[in-house]
Amino acid sequence: MDIEGEIRDLKRRVGELEGSFGFLTGQLRDVHRSLLGFQGQTNERFDRIDARFDGVDARFDGVEARLGRVAQTIDELPRALAEVVRAEFDRRDRQA
């Protein structure tokens with residue numbers, strides 16, 4: 001039994017495993033950096049999209065408020081029209 005030969009063989013095999021592990025560690029580190037960069041880009045893009053949606057929401061709120069005023073004006077129109085017609089008839093009655 002050659003103990004020194006077995007030790008050399010074990011050291012060689014451990015060295016190969018360490019090399020493979022080192023290679024994988026480097027690959028994982030690169031992938032992790034890429035993912036962090038991608039995450040940053042994605043967050044920036046979502047922030048821009050959120051800002052645009054906030055602007056659109058504000059515009060919709062403005063449109064909704066104006067439509068509310070139009071609806072109120074439409075509701076008041078028959079009364080105002082009736083007053084104008086009544087005033088016209090009163091004016092004609094006074095002239096006659």
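Any read-out appearing in this document is the output of simple, stated calculations on the displayed coordinates, not a laboratory observation. Everything quoted here is computed from the prediction, not taken from an experiment. So basically every Cβ, Gly included, is an ideal-geometry build from the backbone, and we count neighbours across all protein chains shown.
Key figures for this structure:
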read-out	value
Spacing of the two label points (7 Å from each Cα toward its C-beta) at Val70 and Arg8, in nm	9.3 nm
Pairwise label distance in nanometres, Gln95 with Phe53, each label 7 Å out on the Cα-Cβ vector	6.2 nm
Projected label distance in nm at Gln41 and Leu24, using a 7 Å step from Cα toward the beta-carbon	2.8 nm
Overall Cα dimensions of the range 1-85, principal axis frame, Å, largest first	122, 19, 7
Options Leu36, Gly26, Ala51, ranked by Cα towards positive dipole end of the chain, top entry (Cβ charges)	Ala51
Acute angle (nearest 10 degrees) that the helix 3-95 long axis makes with the longest principal axis of the chain, alpha-carbon atoms	0 degrees
Mean residue ellipticity (222 nm) of the chain, computed from DSSP H runs ≥ 4 via -39,500 (n - 2.57), nearest 500	-37000 deg cm²/dmol
Cα centre as origin, Lys/Arg/Asp/Glu Cβ charges: the range 5-96 dipole, Debye	240 debye
